[in-house]
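The values are calculated or read from the model by the stated rules, or taken from the named source; none is laboratory data. In this text, all values refer to a predicted model and were calculated from it rather than measured experimentally. Every residue, glycine as well, gets a Cβ built from its backbone with ideal geometry; the counts of neighbours run over all protein chains shown. Just the protein is used for accessible areas: all its heavy atoms, side chains included, with ligands, DNA and RNA removed. Shrake-Rupley method; radii C 1.70, N 1.55, O 1.52, S 1.80 Å.
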Amino acid sequence: MFGNPSVIVTMPETCKRVLNDDDAFKPGWPTSTVELIGKKSFIGIPYEEHKRLRRLTSAPVNGHEALSIYIPYIEDIVISTLDKWSKMGKIEFLTQLRKLTFRIIMYIFLSSESEEVMEALEREYTTLNYGVRAMAINVPGFAYYRALKARKNLVAAFQSVVNERRNQRKTNKSTKKKDMLDALMDVKDEKGETLDDEEIIDIMLMYLNAGHESSGHTTMWATIFLQQHPEFLEKAKAQQERIVKKRPPTQKGLTLKDIREMEYLSKVIDETLRLITFSLMVFREAKTDVKISGYTIPKGWKVLAWFRSIHLDPEIYPNPKEFDPSRWDVRL
């Protein structure tokens, strides 16, 4: 696969070993993926550096405080977008969803709401993604060649934003509220060191890509599954209405507390993620000869943890191709 001898792993315990045993395995993504997403992104760095970056960026990006700050914006933009769609007649649903999720992630990271800038960047991301899982053939006409050009354009755009933000800080001209870029520029490790520009840009490039592609596709499929199963839609809707009725009269809009109470919707999302398996595998590489499940994986071979086979295994998930959120009920 991608020019390397490879082993595909399909059993839960074996996948867990491949993913967790950092003495035996390291990241093994194809050259095309690492070059396009970034050598300083999570997929291109060694284990210790990966841990450091995850530790430094998890709170600014995924922490409760960060989520609480952006919930009002997300709610407003979703409501206005749904209203806009209702007046557009027939729409291409996934295309519109990707525009919506990209607009949200751009605002969260860069405080940008420029339609022109967002459309240009999203086009570059689309080209980039065609090359991420292509053979690394850097010749005109091939997906990887076009994707490298798209990455170059994206890096130039993000570098310009980082330079402008640093200049604003030097001259104390920054009056905007803080966004994720500010958080990434402010974060320091235990030695007091900050992230350099290459790290910041690769992290942004990675998060902006993951943050709109997977969200758009998952939302599309959840909508389709709920449409196909009116009984699940009614159950999800009833829970939402109960949450709204419980709100104090002074509360305006969603809160993180409300979202945590959406237990049934969480099961709908989990079941959607299981059934579609948007990220169907992870690439690892054997650091040495590894004995596993009665086989020896030679040093340097790629090992693919194949999530889709687990998610559709009838011994783990009965009737695996059926959409059934109740399979995520807690069983005592």
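Quick notes on this one:
- Summarising the label geometry, the points placed 7 Å from Cα in the beta-carbon direction at Asp21 and Lys321 lie 3.4 nm from one another.
- Expressed as a whole percent, the proportion of Cα-Cα pairs in segment 218-326 lying more than 21 Å apart is 55%.
- Taking packing as the residue-averaged number of other Cβ atoms within 10 angstrom, the listed peptides 135-141, 160-166 run from highest to lowest as 160-166, 135-141.
- Protein accessible area in the chain, 1.4 Å probe - carbon and sulfur %: 55
- Take every pair of alpha-carbon atoms less than 8 Å apart whose residues are at least six positions apart; their mean separation over the length of segment 42-228 yields a relative contact order of 28 percent.
- Across the cross-link table entries Lys191/Lys287; Lys39/Lys152; Lys40/Lys99; Lys16/Lys51, which are compared at the Cα atoms, the separations over 20 Å belong to Lys191/Lys287; Lys40/Lys99.
- Counting only whole DSSP H helices of the chain, the ones at least 18 Å long by C-alpha along their axis and with mean Kyte-Doolittle hydropathy no lower than 0.5 are 93-110.
- Dipole magnitude (debye, nearest 20) for segment 42-228, charges at Cβ of Lys, Arg, Asp, Glu: 260
- Overall Cα dimensions of segment 42-228 - principal axes, largest extent first, Å: 54, 45, 32
- Distant-in-sequence amide contacts of Glu285, defined by a placed amide H-H separation under 5 Å and a gap of 5 or more residues or a different chain, comprise Lys26, Gly28, Val303.
- Here the convex hull built on the C-alpha positions of segment 1-139 has a volume of 185 cubic angstrom per residue.
- About the centre of its Cα atoms, the chain shows a dipole size close to 280 debye [charges on the beta carbon of Lys, Arg (+1) and Asp, Glu (-1) only; nearest 20 debye].
- Mean sequence separation of contacting Cα pairs (under 8 Å, at least six apart), scaled by the length of the chain, corresponds to a relative contact order of 29 percent.
- Residues of type aspartates and glutamates that Lys26 reaches as a straight line, Cα spacing below 15 Å, ignoring anything fewer than 8 places off in the same chain: Glu48, Glu49, Glu285, Asp289
- Debye equation applied to the C-alpha atoms of segment 46-114, log10 I(q)/I(0) at 0.13, 0.14, 0.21, 0.22 Å⁻¹: -0.51, -0.57, -0.93, -0.98
- Our coupling estimate for segment 297-303, obtained by passing each phi through the Karplus curve with A = 6.51, B = -1.76, C = 1.60 and θ = phi - 60°, is 9, x, 3, x, 6, 7, 10 Hz, Gly and Pro reported as x.
- Farthest toward positive dipole pole in segment 267-307 [+1 Lys/Arg, -1 Asp/Glu at C-beta], among Ile297, Phe278, Phe307: Ile297
- Between Lys16, Lys191, Lys51, the GNM of the chain built on Cα springs shorter than 10 angstrom shows Lys191 fluctuating the most.
- Positive-end ranking of Tyr107, Asn153, Ala120 along the dipole of segment 33-156, with charges on Cβ about the Cα centre, is headed by Asn153.
- Between the residues Phe93, Pro140, Leu53, the greatest Cα displacement towards the positive end of the dipole of segment 42-228, with unit charges on the Cβ of Lys, Arg, Asp and Glu, is found for Pro140.
- Here segment 159-233 and segment 234-299 have alpha carbon centers that stand 19 Å from each other.
- Average silhouette area of segment 84-194, convex hull of alpha-carbon atoms, in square nanometres: 10.6
- Calculated log₁₀ intensity ratio I(q)/I(0) where the Debye formula runs over C-alpha points of segment 1-83, q = 0.14, 0.22, 0.25 Å⁻¹: -0.76, -1.08, -1.20
- Counting DSSP beta bridges with both ends in the chain, the antiparallel % (nearest 5): 75
- Residue among Ser41, Ser114, Ser309 with the largest mean-square fluctuation in a Gaussian network model of the chain, springs linking Cα atoms under 10 Å: Ser114
- Spin-label pair Ile77-Lys246: with each label point 7 Å from Cα along the Cα-Cβ axis, the two points sit 2.8 nm from one another.
- Site pair Arg260 and Ser68 shows an inter-label distance of 1.0 nm when each label is modelled 7 Å from Cα along Cα→Cβ.
- GNM top mover of Phe93, Phe158, Phe225 - the chain, alpha-carbon springs below 10 Å: Phe93
- Average accessible area per residue (Å²) across segment 240-305 - probe 1.4 Å, nucleic acids and ligands excluded: 59
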